[in-house]
Amino acid sequence: MPDTDAVRTRLALLHDEDPDVATSAGRLLWSLVRDEETSTADAARIVPTLIAAATAGVAPRADLLHLAGAAGRDSRYVVDLRTDLLDPAPPGGLDRYASDGTALSDTRALARRAVLANRDRLTALVGDPDPEVRACAAYTLAMSPDPAEADRLWDRLADETDPATRISLVFAAAQIDRGFGDPAARTEAAATLWPDPSRPADVRYAAAVAWLCLTTTPPPDRLPDTLAETVTAPVDRAMRRVHWLDDVRRHGGTGAWTAALLGTDEPPTPEANTQPRADIHTHTHADAGDRPRARAALRARAGLAVRLVRSADPTTSAAGCRAAFAVASTWRSPTADMIELLVDRVEHGPPAVAVEAARLLSRTGGAAGAFADRISAAAGHPDAEVRGRLGIALAHLGDARAVGPITELLAVDRYPWPRHDLDREYRVPRPKRMLNLLRASREDLLPAVTDHLRRTGCWGPFGADPLNSLAAWGPDAVGVLDTLILLLDRAPEEASPAVAVLEAMGPAAAPALPALDRLLGTVTRPWNRVLATRVRSRITGGPNAPRPERGTSPLDVLSRAALRDLLTGDRRLPRWTSIDDEPIHTDERYREEIHRRLR
């Protein structure tokens with residue numbers, strides 16, 4: 001039995017007459033026995049109770065079985081890989097500890113014993129009328145240490161009608177054999193299923209994934225073809241109900257997730273990124289070099305991405321675009337080929353695929369330089385989001401042909417694009433650094449920029465990105481100086497992006513000094529006062545005025561009087577960061593730093 005009263009109380013409430021109370025109690029158990037997706041000892045101790053409750057019809061039955069199966073697993077917090085997807089232990093063979101101090105290896109062993117002791121109940125639940133219950137029962141049975149259980153689960157494939165349950169049966173059998181049975185025999189069994197066109201697409205897909213997870217052998221050429229052929233919209237929907245997956249939502253679909261699964265756990269060699277990118281500019285690139293496993297993984301991932309992108313199914317093709325972008329952002333050598341795939345989908349793909357490809361192209365930065373002419377030609381696309389995203393891609397190249405699409409974007413009053421895809425599981429990134437490299441086109445852009453800032457303020461439809469971008473222009477942003485002064489007077493507490501542009505302009509921003517003085521007499525937030533004081537010093541002192549370097553404190557340029565001023569007023573000070581965006585001080589630590597400087 002569990003150690004904590006809270007867990008015992010929730011277990012008792014599972015049998016409450018009010019179904020809403022029982023359902024709420026079942027879901028609250030997750031937060032009590034799973035801490036940051038790792039299981040406490042209580043999670044394993046309540047496995048028999050959870051299975052008994054699901055057998056007795058206590059709701060939510062599928063959720064209870066899901067928790068029972070998760071009790072013996074450790075989330076990886078990393079990209080799912082073929083090397084560890086069907087391994088309930090954390091990667092690397094290292095043990096970890098839950099918040100209650102229990103070794104997760106002990107928790108897994110306790111959960112396995114509980115599953116073995118309740119095998120008959122779970123076997124009956126695999127035949128339950130509810131497909132969600134069947135899928136979760138297979139997920140839980142995957143913890144069984146009995147190799148005979150793998151054969152029984154595999155044999156049920158012939159009679160199962162639900163795609164998610166069929167996938168779960170294949171994964172469960174493969175996991176049992178990987179840990180306790182004969183993985184070579186199960187690999188051969190999977191190899192008979194995935195090439196068989198008479199089998200359902202979900203069975204072929206699951207068998208291909210199981211084959212990958214049971215061996216480290218490079219996949220045969222036919223296997224990526226099978227994966228691309230079977231990752232259809234119905235299979236994608238089924239995979240979202242399968243509980244082995246940690247990060248399919250982050251990838252934005254099963255197709256992109258599958259391509260990432262083909263990666264290797266061999267760490268890439270850090271190398272300088274010689275191709276500046278807009279959205280992944282802090283990432284390093286690596287090449288497979290002479291490392292056989294990394295080279296094989298790269299070929300497999302890139303090959304699958306190509307096959308997915310060229311699929312006639314729009315869902316599969318869009319997922320392939322995401323997979324191609326992931327390959328390009330990880331490995332240097334296939335970058336041009338992957339970007340060309342995206343350009344081709346914008347030019348010739350169906351509308352939904354063209355939108356997805358354009359979204360990704362707007363994040364490729366300088367790596368798309370070789371395709372600037374094709375991107376510019378496609379910027380006349382009938383879809384407004386495609387035009388806007390391609391304009392951002394051109395802007396990241398510093399291409400003057402971005403002026404038209406960017407001007408169109410700056411005319412909007414509301415953010416024009418969805419923030420998530422249609423099923424709201426994949427976050428669509430917002431555009432960044434829209435104007436940074438368009439300094440040479442400033443005369444053409446300034447009317448649109450000025451109008452946009454006057455209408456929307458410092459925080460408009462695209463956040464503060466237009467203002468943050470103008471800071472990259474330095475003194476050449478002087479054309480918007482009158483507008484910046486207006487923004488400082490209109491909303492002083494929200495004007496920090498405009499103040500940052502003045503700092504970048506340096507002495508050229510001298511006409512804004514009266515507005516800065518008015519702001520200093522108005523604002524109460526300590527960070528705004530720090531910023532405005534620093535910027536005033538920068539403007540009045542010329543190019544050599546004190547200016548914090550990366551990693552130093554903005555307090556460095558303040559006088560003792562200004563520091564004392566920061567200690568007056570509200571005792572609760574806000575969060576602030578250093579110039580390089582590394583969090584340093586909050587609240588009392590901030591106050592202590594000021595006191596230290598005043599001693």
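Listed here are the residues, each with its yes/no results for (1) more than 24 Å from TRP154 (Cβ to Cβ); (2) modelled with pLDDT of 90 or more; (3) open to solvent by less than 10 Å² (accessible area, probe 1.4 Å); (4) not in a helix (DSSP H, G or I).
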position	(1), (2), (3), (4)
SER198	no, yes, no, yes
ALA206	no, yes, yes, no
ALA210	no, yes, yes, no
PRO218	yes, no, no, yes
ALA238	no, yes, yes, no
ARG249	yes, no, no, no
ALA259	yes, no, yes, no
ASP265	yes, no, no, yes
THR269	yes, no, no, yes
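Do we find that ALA358 is farther than 26 Å from ARG237 by Cα, of a type outside the set (S, T, N, Q) and surrounded by 16 or more Cβ atoms within 10 Å (Cβ to Cβ) in this structure?
Numbers: farther than 26 Å from ARG237 by Cα: no; of a type outside the set (S, T, N, Q): yes; surrounded by 16 or more Cβ atoms within 10 Å (Cβ to Cβ): yes.
Considered against the rule, which asks whether it is farther than 26 Å from ARG237 by Cα, of a type outside the set (S, T, N, Q) and surrounded by 16 or more Cβ atoms within 10 Å (Cβ to Cβ), ALA358 comes out as no.
One line per residue, one yes/no per condition, for (1) assigned to a helix (DSSP H, G or I); (2) in contact (Cβ under 8 Å) with a residue 40 or more places away in the chain; (3) open to solvent by less than 50 Å² (accessible area, probe 1.4 Å); (4) not polar (S, T, N, Q):
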| residue | (1), (2), (3), (4) |
| --- | --- |
| LEU445 | yes, yes, yes, yes |
| ARG455 | yes, yes, no, yes |
| PRO475 | yes, no, no, yes |
| LEU486 | yes, no, no, yes |
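Can you give me the number of residues within the range 394-411 that are in a loop (DSSP other than H, G, I, E, B) and within 14 Å of LEU437 (Cβ to Cβ)? Talk me through it step by step, then tell me what you get.
The initial filter retains those residues of the range 394-411 that are in a loop (DSSP other than H, G, I, E, B), namely 396-399, 411.
Next cut, within 14 Å of LEU437 (Cβ to Cβ) only: 396-399.
Counting residues in the range 394-411 that are in a loop (DSSP other than H, G, I, E, B) and within 14 Å of LEU437 (Cβ to Cβ) gives 4.
Here are some conditions: (1) open to solvent by 30 Å² or more (accessible area, probe 1.4 Å); (2) modelled with pLDDT of 95 or more. VAL343 meets all but one. Which one does it not meet?
All conditions are met except number (1).
A quick yes/no check of all residues on (1) of a type in the set (S, T, N, Q); (2) in contact with a helix residue (DSSP H, G or I) (Cβ under 6 Å, 6 or more places away or on another chain); (3) part of a helix (DSSP H, G or I); (4) modelled with pLDDT under 95:
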| residue | (1), (2), (3), (4) |
| --- | --- |
| GLY101 | no, no, no, yes |
| ARG108 | no, no, yes, yes |
| ARG113 | no, no, yes, yes |
| THR123 | yes, no, yes, yes |
| ARG134 | no, yes, yes, no |
| ALA150 | no, yes, yes, yes |
| ASP155 | no, no, yes, yes |
| ILE167 | no, yes, yes, no |
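Hey, could you check the range 155-176 for residues that are of a type in the set (A, V, I, L, M, F, W, C) and open to solvent by 10 Å² or more (accessible area, probe 1.4 Å) and say which is nearest to the chain's Cα centre (by Cα)?
First, pick out the residues of the range 155-176 that are of a type in the set (A, V, I, L, M, F, W, C): 157-158, 164, 167, 169-174, 176.
Of the ones still in play, those that are also open to solvent by 10 Å² or more (accessible area, probe 1.4 Å) are 157-158.
Numbers: LEU157: 34, ALA158: 37 Å.
Only one residue fits best here, namely LEU157.
Go through (1) among the aromatic types (Phe, Trp, Tyr); (2) farther than 30 Å from ARG113 by Cβ; (3) surrounded by fewer than 18 Cβ atoms within 10 Å (Cβ to Cβ) one by one and return the number of the condition PHE180 breaks.
Here PHE180 clears every test but (2).
Kindly indicate whether any position in the range 492-501 is within 32 Å of the chain's Cα centre (by Cα), open to solvent by less than 10 Å² (accessible area, probe 1.4 Å), among the hydroxyl-bearing types (Ser, Thr, Tyr) and on the phi < 0 side of the Ramachandran plot.
Within the range 492-501 (the criterion being within 32 Å of the chain's Cα centre (by Cα), open to solvent by less than 10 Å² (accessible area, probe 1.4 Å), among the hydroxyl-bearing types (Ser, Thr, Tyr) and on the phi < 0 side of the Ramachandran plot), the answer is no, since none of the residues qualifies.
Going through the range 455-480 one residue at a time, which ones are aromatic (Phe, Trp, Tyr) and in contact with an Asp or Glu (Cβ under 7 Å, 6 or more places away or on another chain)?
Here is the first cut: in the range 455-480, the residues aromatic (Phe, Trp, Tyr) are 459, 462, 473.
Within the range 455-480, TRP459 is the sole residue that qualifies.
The rows are residues; the columns are (1) modelled with pLDDT of 90 or more; (2) under 30 Å from VAL428 (Cα atoms); (3) in a helix (DSSP H, G or I).
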position	(1), (2), (3)
ALA448	yes, yes, yes
HIS452	yes, yes, yes
THR533	no, no, yes
ILE539	no, no, yes
ASN544	no, no, no
GLU549	no, no, no
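Just to be sure before I move on: is GLU188 assigned to a helix (DSSP H, G or I), open to solvent by 10 Å² or more (accessible area, probe 1.4 Å), closer than 25 Å to ALA233 by Cβ and acidic (Asp, Glu) in the structure I sent?
Values: assigned to a helix (DSSP H, G or I): yes; open to solvent by 10 Å² or more (accessible area, probe 1.4 Å): yes; closer than 25 Å to ALA233 by Cβ: no; acidic (Asp, Glu): yes.
It is false that GLU188 is assigned to a helix (DSSP H, G or I), open to solvent by 10 Å² or more (accessible area, probe 1.4 Å), closer than 25 Å to ALA233 by Cβ and acidic (Asp, Glu).
The values are calculated or read from the model by the stated rules, or taken from the named source; none is laboratory data. Every value quoted in this text rests on a predicted model; they were computed, and no experiment measured them. Ideal geometry is used to build each Cβ from the backbone, glycine not excepted, and the neighbour counts take in all protein chains shown. The protein model used for the area step is the full one, side chains on, heavy atoms only, and it has no ligands, DNA or RNA in it. Shrake-Rupley method; radii C 1.70, N 1.55, O 1.52, S 1.80 Å.
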